[in-house]
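*Asks:* I have a structure here, written as structure tokens, and I will follow up with some questions on it.
The values are calculated or read from the model by the stated rules, or taken from the named source; none is laboratory data. Since we're looking at a predicted model, the values are computed, not measured. Note that we place each Cβ from the backbone using ideal geometry, even for glycine, and neighbour counts take in every protein chain shown. Just the protein is used for accessible areas: all its heavy atoms, side chains included, with ligands, DNA and RNA removed. Shrake-Rupley method; radii C 1.70, N 1.55, O 1.52, S 1.80 Å.
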Amino acid sequence: MQLRKVTAASAAVLALALTATACGSDDKKDDASGSSGGKKISIGIKIDQPGLGLKTPDGKFTGFDVDVATYVAKELGYDAKDITFKETKSADRETSIERGDVKFIAASYSINDERLAKVDFAGPYLLAHQDILVRADDNSIKSPEDLNNKKLCSVVGSTSAQNVHDKLAPKAQLQEYGGYSECLTGLENKVIDALTTDDDILAGYASQDANKGKFKLAGFKMTNENYGIGLKKGDADLKKKINDALTKMVSDGSWEKAVKANFGPANYKNEPAPKIGNVVK
């Protein structure tokens, strides 16, 4: 009898341990039920783009994309404490979504046909334009065509420099770096002549205290860049929920507030909030 009592007690302890383990494992998964169920969500962002997605020395995340992602996550049922922001470099965005490393990505992610073949997009939530950043004392580049025979920098995985080379300045010498901060250092040290990407990204860098007065935007609106939120292909339910969240963000004034807070210091002239589903060519 005593042996059976011990065995029964051991079985009860084992059952409790297994239940606790199962609960702990389930809590690690992303789930749209949100914080009420103790769930977490991983969101892809950039961490080196001032004004859009920047990780500060104290470990905080700031920028317009971060504000948009946080707002959307809240509408999906997640509190700020439920969010894990993960760096997703330009070249890794589609892979991160396909592998399920993140639930969605808000990282200056322009919607185009090549990317739409691999992932889906909600939005767009911002219309930017490709421009170039040059040194403040450089007056040699007055049009995109002046980039011929100039060293033009962008980052691995971005289409910006290739767009210039293919359509506007076929003799531009393309330089690919791992991040925009590296391009900026090269520009300051005269290793390169210009940095190209979207105007809002460039404005963010130019507005940093350490860079004020060193660089200037050329003011070329070379392309239309429709920023969307990237998500797994075929997830129509999540796409609708994110689009609904973005629509609400615009209508309640949160979108305009985020634009002013993140781009205002750079005197960035933003376009009005785009309509959901309206990709400007």
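*Asks:* Given a 10 angstrom Cα cut-off, can you work out which residue in Ala261, Ala206, Ala117 is the most mobile in a GNM of the chain?
*Replies:* For the chain, modelled as a Gaussian network with Cα springs under 10 Å, the answer is Ala117.
*Asks:* If you put +1 on each Lys and Arg Cβ and -1 on each Asp and Glu Cβ, how big is the dipole of the range 143-262 around its Cα centre, in Debye rounded to 20? Numbers along the way, then the final one.
*Replies:* Numbers: 17 positive and 17 negative charges, 18 e Å.
Dipole of the range 143-262, to the nearest 20 debye: 80 debye.
*Asks:* Between Asn189 and Asn139, take the C-beta separation as r, use R0 = 25 Å, and let me know the FRET efficiency to the nearest 0.05.
*Replies:* The pair Asn189/Asn139 has a calculated efficiency of 0.85.
*Asks:* With charges only on Cβ, +1 for K and R and -1 for D and E, what is the dipole size of the chain about its Cα centre, in debye, rounded to 20?
*Replies:* Roughly 560 debye for the chain.
*Asks:* Right, another one. Return the subset of Lys216/Lys275; Lys74/Lys103; Lys118/Lys281; Lys221/Lys241; Lys81/Lys103; Lys46/Lys167 for which the Cα-Cα distance in this structure is over 25 Å, preserving the input order.
*Replies:* Pairs exceeding 25 Å: Lys216/Lys275; Lys221/Lys241; Lys46/Lys167.
*Asks:* Find which of Leu184, Ala245, Gly204 sits farthest along the positive direction of the dipole of the range 183-281, computed with +1 on the beta-carbon of Lys and Arg, -1 on that of Asp and Glu, about the Cα centre.
*Replies:* It is Ala245.
*Asks:* Also, quick follow-up: Based on alpha-carbon centroids, what's the gap between the range 256-281 and the range 92-135 in Å, whole number please?
*Replies:* 16
*Asks:* For the chain, what is the mean residue ellipticity at 222 nm derived from helices alone (per DSSP H run of n ≥ 4: -39500 (n - 2.57); sum divided by total residues; nearest 500 deg cm²/dmol)?
*Replies:* -11000 deg cm²/dmol
*Asks:* Let me have the relative contact order for the chain, percent, based on Cα pairs under 8 Å that are six or more residues apart. Before the final figure, lay out the partial values.
*Replies:* Details: 522 pairs, mean separation 66.3, N = 281.
Over the chain, the number comes to 24 percent.
*Asks:* Please work out how much accessible surface Asp193 shows to a 1.4 Å probe, ignoring ligands, DNA and RNA, in Å² rounded to 10.
*Replies:* My reading of the accessible area for Asp193 is about 30 Å².
*Asks:* With +1 on each Lys and Arg Cβ and -1 on each Asp and Glu Cβ, and nothing else charged, work out how big the dipole of the range 172-232 is about its Cα centre, in Debye to the nearest 20.
*Replies:* Numbers: 6 positive and 9 negative charges, 21 e Å.
Approximately 100 debye in magnitude.
*Asks:* At 1.4 Å probe radius, can you tell me the per residue accessible area of the range 128-281 in Å²?
*Replies:* 49
*Asks:* From the P(r) of the range 114-247, could you give the percentage of C-alpha pairs in the tail past 24 Å?
*Replies:* 35
*Asks:* Got a sec? What order do Met249, Met222 fall in by accessible area at 1.4 Å, biggest, i.e. largest, first?
*Replies:* Descending order: Met222, Met249.
*Asks:* A further question follows. Identify, among Phe220, Ala169, Asn270, the residue whose Cα sits farthest towards the positive end of the charge dipole of the chain, taking +1 on the Cβ of Lys and Arg and -1 on the Cβ of Asp and Glu, with the dipole about the Cα centre.
*Replies:* Value computed over the given set: Asn270.
*Asks:* Over the chain, what percent of the accessible surface lies on carbon and sulfur atoms, probe 1.4 Å?
*Replies:* Answer for the chain is 53 percent, counting heavy atoms of protein chains only.
*Asks:* Apply the Kirkwood formula to the chain: the hydrodynamic radius equals the inverse of the mean of 1/r over all pairs of different alpha-carbon atoms; give it in Å with one decimal.
*Replies:* So the Kirkwood estimate lands at 20.4 Å.
*Asks:* What residues qualify as long-range amide H neighbours of Leu126, i.e. H under 5 Å apart, gap of 5 or more or another chain, H built at 1.01 Å from N?
*Replies:* HN-HN under 5 Å from Leu126: Tyr227.
*Asks:* Then there is this: Give me the number: length gained by fully extending Lys216 to Glu256, i.e. 0.36 nm times residue separation minus the C-alpha to C-alpha distance, one decimal in nm.
*Replies:* Result for the pair: 11.9 nm of gain on full extension.
*Asks:* More than 15 angstrom separation, counting every C-alpha pair in the range 172-222; what % is that?
*Replies:* Every Cα pair in the range 172-222 considered, those over 15 Å come to 44 percent.
*Asks:* If I build a Gaussian network model for the chain, linking alpha-carbon pairs within less than 10 angstrom, which residue out of Asn262, Asn148, Asn243 has the largest mean-square fluctuation?
*Replies:* Among Asn262, Asn148, Asn243, the largest mean-square fluctuation in the Gaussian network model of the chain belongs to Asn148.
*Asks:* What's the angle, to the nearest 10 degrees (0 to 90), between helix 254-263's Cα axis and the longest principal axis of the chain?
*Replies:* Once rounded, one gets 50 degrees.
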